[in-house]
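Each remark here refers to the structure printed beneath this line.
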Amino acid sequence: MISIVAIPPVNRSLVTNVKTDLALVFPETIRSYGNIDVHADMVFDPSRKQFNASLLLAIVLDQTPGIEGKILAVTGVDLFIPVLTYVIGEAQLNGRASVMSTFRLHEELYGLPANPHLLRERVLKEAVHELGHTFGLIHCRDPLCVMRPSAAVEEIDIKGISFCEECRSQRMANSA
Amino acid sequence: MNRKEKNKQSVMVVDDELVVRESLAQWFAEDGYRVGCASNATEALRVMKEGPWDVILLDIKMPGMSGLELQKHLKQVDPSSIVIMITAFASVDSAVQALKEGAFDYVTKPVDPDHLSQLVRNALRQRTLSEENLRLREHITELVKGGELVGDSPQMKKVIELATSVARADTTVMIRGESGTGKELIARLIHANSDRRYFPIVPVNCGAVPESLLESELFGHERGAFTGAQYRRKGKFEMANGGTIFLDEVGTISAQMQVQLLRVLETKQFTRIGGNEAITSDFRVVCATNRDLEAAMKVGDFREDLYYRLNVFTISIPPLRERRSDIPPLAEHFVQKYAVMMNKPVVEISPDAMDLLVRYHWPGNVRELENVIERALVLTSGKSIAKEDIPFQIAQSSLKPSSELLTDMEKIHIESVLVKHNWNITHSAEALGIDRVTLYNKINRYGLKRP
């Protein structure tokens with residue numbers, strides 16, 4: 001079971017779409033959990049205008065007791081961890097929760113015309129990637145595998161939406 | 001395949017802030033690295049023991065010992081680990097200092113994740129490359145050292161000792177010896193033991209190249225320098241840049257070439273034939289001759305100034321007949337070599353045949369011995385090389401000594417018997433029909449040396 005949690009502010013349609021699209025990759029049941037409202041002062045860093053991804057993960061875990069399976073929280077605000085300028089997503093390796101941001105995936109941020117189709121694809125890839133971590137997968141060097149690390153959107157666009165052979169069998173082994 | 005590779009790579013994070021340690025640890029763990037953390041210098045040095053750590057991320061500002069100071073200590077423990085300094089405060093001074101002390105790079109918090117992963121990847125690649133470089137250098141040293149120098153005689157041991165001792169310096173070496181005694185092998189040994197071993201050794205047989213082409217061979221030529229010169233050619237001096245040039249049969253070169261050679265040796269500069277550009281080359285000179293240069297100098301055939309420039313350090317290789325105890329190991333070595341080449345079984349040399357070989361005076365030295373063995377292997381069909389497989393002239397000559405002096409004949413005979421019996425004094429004396437004391441006296445008198 002995979003639960004999708006929305007953390008406002010976030011584009012509703014992006015969340016709905018990713019719930020549908022994840023079925024392409026994951027055999028598990030995917031459901032919508034609803035919203036979690038987060039108090040800004042708990043996770044928001046005004047100087048950086050970003051959510052602290054690690055703190056956000058802690059909140060998500062805290063506010064979803066007793067949910068079985070994996071959780072993916074989606075937000076529209078930029079994320080960071082203290083030592084880095086930004087992260088697109090953060091997950092517990094072989095854990096329960098993951099969080100991702102759609103902020104950096106918009107073409108407009110880079111001065112280019114909006115591309116909804118591309119945006120939807122990028123959101124899906126990042127969602128699969130972070131969920132992959134919760135299933136115990138680490139980064140993969142295969143350029144087409146979705147577990148390949150990608151800090152830049154151009155790199156996200158190159159990789160595929162699914163796992164490579166090795167990652168897939170690793171996931172099966174981990175679930176067993 | 002990649003996963004396993006990555007799993008071997010390790011990162012240590014040293015930062016006083018817990019949140020930094022935890023986020024970086026998590027970040028690297030996702031990439032499959034083995035991660036270690038430390039909050040201060042003392043802890044870091046302890047964690048070092050759990051290494052090796054491929055990359056160390058070090059915060060500059062920490063309570064207690066600073067990152068800059070710690071870096072020095074960490075490098076002492078493991079000089080090959082790559083250190084990347086991170087800090088919240090960009091300071092040019094500390095950056096420069098860190099890099100001077102050997103840090104790979106310097107980044108400021110917050111770090112762009114793309115930049116950081118690129119950095120770590122490059123750092124690891126550098127480490128792999130320098131390890132590979134070290135391995136390859138060792139490999140080359142192995143390859144180059146494995147020469148064909150066979151021979152346990154005290155004379156050869158002395159030659160090899162001299163060659164190895166002069167190898168390290170850039171001194172010009174002159175190798176003297178009859179044709180076929182292994183002068184090129186010694187030259188290669190010198191090169192292999194020198195600091196120039198990773199660069200080429202360029203041999204030039206001055207005696208084999210026609211006079212008219214020797215200049216072009218040594219200095220190269222430009223396009224159209226003479227009829228037939230369609231392309232630019234680099235000369236041997238240019239190709240030896242960084243390495244060694246081996247001038248074989250240097251005694252054969254003409255008076256005009258001698259002048260040119262002298263100038264190049266003194267200035268390390270020359271121009272290609274038909275060219276204008278002065279070319280500089282950093283080479284070491286090893287030369288060889290089988291001629292009597294001193295005599296040539298006296299009659300004016302060899303320039304005195306060139307002689308003194310070349311004759312700085314001399315190594316003389318004695319002819320094979322002066323070290324007969326080298327003959328059996330050499331003969332066996334060549335049997336092995338050619339048997340393998342011809343895809344034939346390695347055979348023994350019959351005692352009769354070996355006796356002939358040991359007694360012969362070998363005007364062609366080792367090269368001649370090699371030819372004889374090669375020929376014998378082609379001819380022999382049996383399990384060993386017999387007397388009949390040795391060329392007639394040698395057989396004849398072995399029995400009829402080259403000198404008429406009784407003492408020479410006795411010397412050769414005694415040496416041959418000693419070699420045959422592996423220098424066992426009792427057996428040799430018995431074979432010669434004399435007592436041990438007499439044998440010892442004769443060994444002394446003829447200056448025979450035990451290998």
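Output the pairs from B:LYS298/B:LYS411; B:LYS100/B:LYS268; A:LYS49/B:LYS100; A:LYS49/B:LYS75; A:LYS70/A:LYS159; B:LYS157/B:LYS298 with a Cα-Cα distance over 31 Å in this structure; if there are none, say none.
Among B:LYS298/B:LYS411; B:LYS100/B:LYS268; A:LYS49/B:LYS100; A:LYS49/B:LYS75; A:LYS70/A:LYS159; B:LYS157/B:LYS298, the Cα-Cα distance tops 31 Å for B:LYS298/B:LYS411; B:LYS100/B:LYS268; A:LYS49/B:LYS100; A:LYS49/B:LYS75; B:LYS157/B:LYS298.
What percent do you get for the relative contact order of chain A when only Cα pairs under 8 Å and 6+ apart count? Working shown, then result.
Values: 321 pairs, mean separation 33.8, N = 176.
For chain A, the relative contact order is 19 percent.
With a 1.4 Å probe and all protein chains kept in place, how do A:CYS164, B:CYS287 rank by accessible area, largest first?
The most accessible residue leads, giving A:CYS164, B:CYS287.
How much solvent-accessible surface does B:GLU410 expose, in Å² to the nearest 10, with a 1.4 Å probe and all protein chains in place?
Result for B:GLU410: roughly 60 Å² accessible.
Got a sec? What order do B:PHE226, B:PHE313 fall in by accessible area at 1.4 Å, biggest, i.e. largest, first?
So the residues, ranked largest to smallest area, are B:PHE226, B:PHE313.
For B:VAL437 and B:THR407, FRET efficiency with R0 = 22 Å and r from the beta-carbon atoms, rounded to 0.05?
0.70
State, to one decimal in nm, how far the label point of B:ASP112 lies from the label point of B:SER212, with both points 7 Å from Cα in the Cβ direction.
6.6 nm
Could you tell me whether region B:88-129 comes out rounded, prolate or oblate from its Cα gyration tensor? Rule is a ≥ b ≥ c as square roots of the eigenvalues, rounded for a/c under 1.5, then prolate if a/b exceeds b/c, otherwise oblate.
oblate
Using the basic label-point model (7 angstrom from Cα toward the beta carbon), what is the B:ASN311 to B:ALA339 distance in nanometres?
According to this spin-label approximation, the distance is 4.5 nm.
Give me the one-decimal nm value for the distance between modelled label points at A:SER13 and B:ASP152, 7 Å along each residue's Cα-to-Cβ direction.
9.1 nm
Between A:GLY160, A:GLY89, A:GLY66, where does the largest GNM mean-square fluctuation fall for chain A, given springs only between Cα atoms within less than 10 Å?
A:GLY66
If you filter region B:81-133 for chymotrypsin sites (Phe, Trp or Tyr not before Pro), then keep DSSP loop positions with at most 15 other Cβ within 10 Å, what is left?
Within region B:81-133, the qualifying chymotrypsin sites (Phe, Trp or Tyr not before Pro) (loop, at most 15 other Cβ atoms within 10 Å) are B:PHE89.
Using just the helices of chain A, give the 222 nm mean residue ellipticity in deg cm²/dmol: DSSP H runs with n ≥ 4 each add -39,500 (n - 2.57), and the total is spread over all residues, rounded to 500.
Helix-only estimate at 222 nm: -10000 deg cm²/dmol.
Determine the calculated [θ] at 222 nm for chain B from helices alone, applying -39500 (n - 2.57) to every DSSP H run no shorter than 4 residues and normalising by the residue count; nearest 500 deg cm²/dmol.
After summing the helix terms and dividing by residue count, I get -15000 deg cm²/dmol.
Can you list which of the DSSP-assigned H helices in chain A have a Cα extent of 24 Å or more along the long axis and an average Kyte-Doolittle score of at least 1.6? Don't jump to the answer; show the numbers that get you there.
Working: long enough: A:116-134 (27 Å, -0.54).
Span-like helices in chain A: none at all.
Reported to two decimal places, what Rg/Rh ratio describes region B:101-249 when computed on Cα atoms with Rh from the Kirkwood expression?
1.19
Can you give the FRET efficiency to the nearest 0.05 for A:GLU107 and B:GLU332, using r as the Cβ-Cβ distance and R₀ = 56 Å?
0.10
Within straight cross-link reach of B:LYS344, meaning Cα distance under 20 Å, which lysines are found once same-chain residues fewer than 8 apart are removed?
Once the sequence-local lysines are set aside, what remains near B:LYS344 is B:LYS383, B:LYS387.
For the protein assembly as shown, build the convex hull from the C-alpha positions and give me its volume per residue in Å³. Walk me through the numbers on the way to the answer.
Working: hull volume 185.8 nm³, N = 627.
Enclosed volume per residue, from the Cα hull, is 296 Å³.
For B:ARG125, what accessible surface area do you get with a 1.4 Å probe? Give it in Å², rounded to 10.
Accessible surface of B:ARG125 is approximately 140 Å².
Let a ≥ b ≥ c be the square roots of the eigenvalues of the Cα gyration tensor of chain B; is it rounded (a/c under 1.5), or, if not, prolate (a/b larger than b/c) or oblate?
Working: a/c = 2.92, a/b = 1.87, b/c = 1.57.
Cα axes put chain B in the prolate bin.
Would you mind giving the mean number of other chain beta-carbons within 10 Å of the Cβ of each residue in A:85-93, as a whole number? Display every interim value, and only then the final one.
Values: counts 8, 4, 3, 1, 0, 4, 2, 1, 3.
Neighbouring Cβ atoms belonging to other protein chains average 3 per residue here.
Is region A:5-129 rounded, prolate or oblate when judged by the Cα gyration tensor, a ≥ b ≥ c being the square roots of its eigenvalues, rounded requiring a/c under 1.5 and prolate requiring a/b larger than b/c?
On the way: a/c = 1.68, a/b = 1.03, b/c = 1.63.
Here region A:5-129 falls in the oblate category.
Excluding B:PRO451 itself, what net charge comes from residues whose Cβ is under 9 Å from its Cβ, given Lys and Arg +1 and Asp and Glu -1?
+2
Can you tell me the FRET efficiency between B:GLU430 and B:GLU131 if r is taken as the Cβ-Cβ distance and R0 is 60 Å, rounded to the nearest 0.05?
Computed FRET efficiency for B:GLU430 and B:GLU131 comes out at 0.50.
List the aspartates and glutamates whose Cα lies under 20 Å from the Cα of B:LYS449, skipping any in the same chain that are fewer than 8 positions away.
Partners found: B:ASP152, B:GLU161, B:GLU322, B:ASP326, B:ASP355, B:ASP408, B:GLU410, B:GLU415, B:GLU430, B:ASP435.
The values are calculated or read from the model by the stated rules, or taken from the named source; none is laboratory data. Note that this is a predicted model, so its numbers are computed, not measured. Note that we place each Cβ from the backbone using ideal geometry, even for glycine, and neighbour counts take in every protein chain shown. Accessible surface is based on the protein model in full, side chains and every heavy atom, while ligands, DNA and RNA are left aside. Shrake-Rupley method; radii C 1.70, N 1.55, O 1.52, S 1.80 Å.
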